[in-house]
Every structure is written in structure tokens, then in C-alpha cells.
1. Could you tell me which numbered condition A:A95 fails, if it satisfies all but one of (1) within 13 Å of chain B (Cβ to nearest Cβ); (2) surrounded by fewer than 23 Cβ atoms within 10 Å (Cβ to Cβ)?
2. What helices (runs of 4 or more DSSP H) completely inside segment A:299-391 contain at least 2 residues that are among the charged types (D, E, K, R), surrounded by fewer than 19 Cβ atoms within 10 Å (Cβ to Cβ) and within 16 Å of ligand 2 (Cβ to nearest atom)?
3. Just need a number here: residues in segment A:284-326 that are within 16 Å of ligand 1 (Cβ to nearest atom), touching a Gly at 6+ places or on another chain (Cβ under 6 Å) and more than 10 Å from chain B (Cβ to nearest Cβ).
4. Restricting attention to segment A:139-151, report how many residues are open to solvent by 30 Å² or more (accessible area, probe 1.4 Å) and part of a helix (DSSP H, G or I).
5. Considering segment A:64-91 alone, what residues qualify as being closer than 11 Å to B:D117 by Cβ and within 16 Å of ligand 2 (Cβ to nearest atom)?
6. Hey, could you check segment A:152-162 for residues that are assigned to a loop (DSSP other than H, G, I, E, B) and in contact (Cβ under 8 Å) with a residue 40 or more places away in the chain and say which is farthest from A:R120 (Cα to Cα)?
7. Considering every residue within segment A:116-131, establish whether at least one is open to solvent by 10 Å² or more (accessible area, probe 1.4 Å) and more than 20 Å from B:L128 (Cβ to Cβ).
8. From the set of residues in segment A:187-226 that are under 18 Å from A:L119 (Cα atoms) and either in a loop (DSSP other than H, G, I, E, B) or more than 10 Å from ligand 1 (Cβ to nearest atom) (or both), which is farthest from the other protein chains (Cβ to nearest Cβ)?
Amino acid sequence: METLTNNSTLRKTDLIFGREHDTLSLLKEALQREKDEIINELIESGLRGRGGAGFPTGLKWKFAKSAPGNEKYIVCNADEGEPGTFKDRIILEKAADKVFAGMALGGYVTGARHGIIYLRGEYSWMRNSLLLKIDDMNTAFKQLGLDFILEIRMGSGAYVCGEETALIESMEGKRGEPRNKPPFPVAKGFNNKPTIVNNVETLVYALLISHLGAAAFAAFGTEQSAGTKLFSVSGDTPQAGVYELELGMKLSDFVAEFGDGDTKAVQVGGASGFCVPRRKFDQTIIGFEGIPTGGSMMLFNSHRSMYHVLHNYLEFFVEESCGQCSPCRVGCQQLLLGIEAIKARKKPASYLKELIRIADTMRLASKCGLGQSVGNAFDSIVEEFKEEIIY
Amino acid sequence: MEEFALTKIVNHHGTEREKLMPILQEIVDKQSYLSDDDMVKVANALQLSAAEVYGTASFYSFLPTQKRGIYVIRVCKSIIARMKGSQEVLQAISDQLNLKPGETTADGLFSLEEVNDIGWSDHEPAMLINDKVYTDLTPEKATRIISKYLEQASQSKLSFNPTQN
Ligand SMILES: Cc1cc2nc3c(=O)[nH]c(=O)nc-3n(C[C@H](O)[C@H](O)[C@H](O)COP(=O)(O)O)c2cc1C
Ligand code: SF4
């Protein structure tokens, strides 16, 4: 893990990559505890999903535990497709054992006996080394007397399959088209059985919290954004990499550490996140009370054209929209064509207002988080960098 | 793909619907794309309609239903990749192989594609060649990598017709 400069105001931690604990003994220790005790520990810790949506992990596990039936699944969402995110890659390279033990813990607590890692096709280069580790883990589970088995399923190059119900459709051998919610996966997921879908990072923290205790975790962060989180830092920064930082930091402190001295904007949360201009760095909190992020932090300096940035994101959404619902399918295309037309002077600058209305409609009318969040980047970039978009 | 090879793949995974993706993925691993004939055979084995199999395959960019090269080069085109020079890298590869993005070389050896974020924003420009990853690319470095593939192919006298795999 990368280190910070000496004078940084940020609080950097090393929970996930710390090597002071033996993973299997952490799991063994947790398996001695009551299931409800672990769930309560997670609820008290304030851990919220690290995949972006931020659902409280303890509650998710509680719902899954109380879901009827003895066939349940726990899925590790390793689809990591959000532009600018790569922290799950580093976790799977350096601490896969903790991810697998976190899944086993979730299995123990909720009654799921089957764990599935949904790994994006773009990461197939790490598949074989993960399979070896999984073999070892499955053997270790047996030795611990735990009825739990892990396997890997591969994605095939579709960003939307990171959305939990699209991921489930994909695992069922179908097109990765998101389902209506409810029912949520904890009630009806893979093969219509109760299914917990958790991000890679969430699973590691769940394991660590069972050992460290809720208070030790909640000692970091803020009330709404407890604990620490991995950040994928990229763009115009001399220190691209993955950093574990306390939630609730001010964006200005972040930029002071990671910027190149000329940062004009930070895109927080990837293409589906928000763009924050320099003048707002000071008033922006990174966390659920401010701007949440799955970890993607892309820095842009004053040499960058925000038109290019927005254009790139919109092309991404046009390609990755599953096309199932028209607000998103048509909306993404119209936004892209719209900013091109304004740039080419085929449409007046006032047309931007109409485009913002389209983005707002998409937020309300789209079926899943993909279409609903296109307006985040669109509105924030257009509003803050209007001149760059028009001229 | 030969009947025998395909049957082996299906038998290995099983015939439940949930095995469809792993089966299609393995066929693509072995012969780089899904032919109409393969999809019909898989549909029969899994008792699905051919349209269902095609419908699934056509959704995924890594499950091509048109012929592709033995080596599929995927250059990342995320905003970070662009900022770090991915277009120059793409141009260099394109010049070297005389190949535009979206095309396959006449000998069936290489396909070139631009793809969305592949998870290496800390080391862009980056590309995948089948399931190998190459990072921190420059045009020179990319050209050297492609040359190695060309050498390898000419040494092993690879049959450049992927359907004969
Ligand atoms: C378009 C889209 C893509 C997503 N991609 C991912 C992803 O790659 N990884 C992930 O963990 N969650 C992703 N999510 C969020 C998941 O739907 C889900 O909320 C998450 O996996 C739950 O795990 P968590 O509670 O541990 O965060 C995505 C959501 C949407 C709408
Ligand atoms: S919002 Fe977009 S990605 Fe989501 S279901 Fe609708 S078309 Fe598909």
C-alpha cells in the first residue's frame, strides 16, 4: 500500500491490507460466536456497503438470515466496472483470503452454504490464481467443520452486470438486464433463492469487524459514514494508487494530498458520480452526508477539457446501457448527441437546459441505478463548467 | 467447433440454464467466437431455443458472435486512459498491424478493439490481449509486445484460421 506525504492532514489506515492477523484464525474466532451477536456487531459498527449504494451490511445479513428456506447464496460482487475504480482488483490480488473468509462468515451467519465470486471478464488474468486460493479455502472450511463452498463465475464485459439483479440474471445464463426491485435479492435472488450480494471490500470489513469490534471500526469516520474505505486515486496526480482513508474527509484535504497543485475538478464516484469544481473543494465532505463514492476519485487539472470528460462518460453510458427501458436507452444517446450539437453550433447554448431536463427525467424514470445516475455527472459538469461545454 | 469438443465442454459444465455463461465463455476461450452452429448445438444440449442462446450471447461484449482473431487486443479508452496517451498507443498498434479498431487481420490472427475501463486507472494506458494484461504502455512498448505475438505466431506456424482450432 502506498503511503502519504508527511504533512498530510488525512488519516490513513491499514485495516484491509494489514498483515498482523492470520485470516483463518479470524474466521475460526468468529465461528465461535453467536450469529445474532455478529449481526448486531455489524449493525452497531455502522458498516455500509462499499459498492456504491451504501446499504447497511448488518441489516442485509439480518434480512438474509431471517429469509425462509435452507438454500441461500452469498455473492461477492467483483464486477468493478465503474470508471476510475480498481481497489477491488488490489484487494483480490493482495488479500483475497480475507474476501473468501468474509464470504464464509456471511454464509455462517445467514445460512448460505454456497458462495459465488462474480469476477468481471476483464480480470480473467487473475482467475487461475484465485482458483488455487479457493481450493485451499474450501479445504480449510471443511477442516473448520463449516458447510460452505466457494466458486467463481465470470462476467463477460458488461458494466451493468455490476448492478446486483443484473448480476444475478447473468449468473442464471441470461442477458444482464436489471430486474424490478422489490423483490430484493435477499428475498428472491439467484435461482429465486435468498441471495446476499456484497462488494469485495464490504466482505473484508465484515470479517475485520467481527474481530476488532463495532466500536473500534466506528472510531473512524463520522456518524453517517462510519469507518474507513479504500479509494482508487487516478488522473492528474503524482500518487495514483489505492489508499485506505477515513470517511468524512474534506475534499480540500484530499486534494492537498493527491493533487498536482493545479487541480480544477475531482470526479467523485466514477462516471455515475459527481463532479466537484475547485471552488467547492472546501465545503465537500466525502461520505454519505456529502458525496458518497464506491472509491473512484479522478483528478483533473486545468489543462483538461471538461467537455472531453463529459463526452467520454456519456459514450460510456450509451455503450453500457442495457437498453431495457427507454428513458435510459434514448436519454443517454440524446445527451451525447445534444452536447455534440451544441459544440458544433447546430444547437443554441440554451439547449443545455433541455438536456438537463432529460437527465432529470432519467433520474426519475429509469429502471436501475445506471440510468438514474447519468444525471449526476451530467448536471454537475454542465452547471459548473458551462463555458467549456458550450465553446 | 467440432461436435466432440463441444460435447466435452457441455458435459463438463452440465446442462442447467445457469451453466450457459460458463459454456459460452469456454467456447470463446477455445475458438475466440461463437458460430451460429455452436449456438444451435448448445441450445439443443440445454433445451433452450437458439434465440435464447443468441439473445444471451449478443448482450455481452466478450461473447462475440462474429469471427474474431486468435488474439483479441483490447485497448482501454476510459477518460484516464485517454489522458495518459491511449490514443497514441492505439494508433501505434493500428499502424503496425494495419488494422482499425473493430477489424480483424486478414490472416485471422489479431482483432483490435477499444473497450471501457478495464480496472487499471493507476497504470494507464493499459490493454488486454486475450486474458493477459499490459500496463503503463507507450507506443514503443505496445509495438514491442505485438511484435512478440507476431514472432510467436510465426514460430509455431499457427494456423491462422480460428475455425480450424
Ligand atoms: C450500473 C451499476 C453498476 C454497479 N456495479 C457494481 C460493482 O461493480 N461492484 C459492486 O460491488 N457494486 C456495484 N453496484 C452496486 C450493486 O448493485 C450492489 O448495490 C452492491 O453490490 C451491494 O454490495 P454492498 O452493499 O456491499 O455495497 C452497481 C450498481 C449499478 C446500478
Ligand atoms: S436504466 Fe439503463 S441500464 Fe438500467 S434497466 Fe434501464 S436501460 Fe437498462
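1. (1)
2. On the way: elements: A:306-320, A:326-343, A:351-365, A:369-384, A:386-390.
Correct list: A:306-320, A:351-365.
3. Total meeting the criteria: 5.
4. If we filter segment A:139-151 for residues that are open to solvent by 30 Å² or more (accessible area, probe 1.4 Å), which is where we start, we get A:139, A:142-145, A:147, A:149, A:151.
Then keep just the ones that are part of a helix (DSSP H, G or I); that gives A:139, A:142-143.
Number satisfying all stated conditions: 3.
5. Listed by number, the residues that qualify are A:G81, A:E82, A:P83.
6. Pass one, segment A:152-162, residues assigned to a loop (DSSP other than H, G, I, E, B): A:155-158.
Okay, now just the ones that are also in contact (Cβ under 8 Å) with a residue 40 or more places away in the chain, so A:155, A:158.
On the way: A:G155: 4, A:A158: 8 Å.
Ranking the candidates gives A:A158 first.
7. no
8. So the first thing to find is which residues in segment A:187-226 are under 18 Å from A:L119 (Cα atoms), and the list is A:189-190, A:195-204.
Okay, now just the ones that are also either in a loop (DSSP other than H, G, I, E, B) or more than 10 Å from ligand 1 (Cβ to nearest atom) (or both), so A:189-190, A:195, A:204.
On the way: A:G189: 12, A:F190: 8, A:T195: 13, A:V204: 18 Å.
Among those residues, the one meeting the criterion is A:V204.
The values are calculated or read from the model by the stated rules, or taken from the named source; none is laboratory data. Since we're looking at a predicted model, the values are computed, not measured. With ideal geometry, Cβ positions are generated from the backbone for all residues, glycine too; neighbour counts draw on all protein chains shown. These accessible areas exclude ligands, DNA and RNA; they are computed on the full protein's heavy atoms, side chains included. Shrake-Rupley method; radii C 1.70, N 1.55, O 1.52, S 1.80 Å.
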